Amino acid sequence: MLSQMDKERVEKLLFQGYRHFDRFFFKPQCTHCTSCIPYRICLSGFSFSRWQRRILNKRPKISFHTPDLQKAYELYVLHKTKFSTICDEPIEDFITTFFSPSEISSAISIYSQEKELIAVCHYDNLADSYSAIYTYYDYVNYPKLSLGSSAVLTLIEMALLHGKSHVYLGYLIEDHAHMGYKSRFLPGQILDSNGKWIDFKKNATFTV
C-alpha cells in the first residue's frame, strides 16, 4: 500500500511494471492476453515536437495548489461521460482516492482564462521520475486545448526542469481509443517479458 512506501520503493515497483492507483499497486496477470504494456517516456535527449509546442503554447494557467474539491469532483464526473460511463462514486470516495495526504502524490490543476477549473492531473513525484496516475478534464467545452496531451506535456516539461530521467504513463494498448495515445510521446520504452526496458517502435512486433 502507498502509505507504507517511500519514493525509492515506488520507483522500483514502476520499474518492474507495476501501476499505482489510489492506495494500491497492481500489474496485469492475464493468462491469454499481453495487450497492456508498461510504457515510459525517455527524457535523455528529449525535445518537444512542433505539435507538442503548439499545445503547450495554448495551455492556460497551471497551479500546484489543491483545487476546490467540489469543482474537481464535478470535473471528474463530467470526464467519465467521455467513456459513456455514469459516475456513481460519492464525493467522499473521490476525495479519498485522489486527495488523501501523501508525500509522493501531487496534482497539477489547469484553469481557463475565466479562472474555471478545466483539468486536473494527478501524478507521483519520485526520485528519478514522474508517474502519471490519472487526468480528468473538460473535454466538452475545451476540445481545442487538447487538455489530456497538455497534462502529459506539462509533466515532461517539469521532469526536464528537475532533471528526471523518465515519465511513466502506465499501460499502453496500441490502437486502443483511450490507451493508445501514449505512444505519441517519443522516445519511449516498453517493458518486455524478460523484465527489460526496450526502445519502443510504433506498430512493431514485440515479445511482451
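The values are calculated or read from the model by the stated rules, or taken from the named source; none is laboratory data. Not measured: the values here are computed from a predicted model. Neighbour counts run over all protein chains shown; Cβ positions are idealised from the backbone, glycine included.
Residues that are surrounded by 12 or more Cβ atoms within 10 Å (Cβ to Cβ) and either assigned to a loop (DSSP other than H, G, I, E, B) or at pLDDT below 90 (or both) within segment 8-33 comprise Gln16, Gly17, Tyr18, Asp22, Arg23, Lys27, Pro28, listed in sequence order. Looking across segment 143-179, the residues that are under 21 Å from Arg19 (Cα atoms) and exposed (fewer than 13 other Cβ atoms within 10 Å of the Cβ) come down to Asp175, Ala177, His178.
For Glu114, the requirement of being within 22 Å of His65 (Cβ to Cβ) and charged (D, E, K, R) is met. Asp93 passes every criterion in (1) over 23 Å from Met158 (Cβ atoms); (2) touching a residue at least 40 places away in the same chain (Cβ under 8 Å) apart from (2). Cys87 passes every criterion in (1) surrounded by fewer than 17 Cβ atoms within 10 Å (Cβ to Cβ); (2) touching a residue at least 40 places away in the same chain (Cβ under 8 Å) apart from (2). Flag: Lys182 matches the condition of being buried (at least 20 other Cβ atoms within 10 Å of the Cβ) and among the charged types (D, E, K, R).
Going through (1) more than 13 Å from the chain's Cα centre (by Cα); (2) within 24 Å of Trp51 (Cβ to Cβ); (3) of a type in the set (Val, Ile, Thr) one by one, Val152 falls short only on (1).
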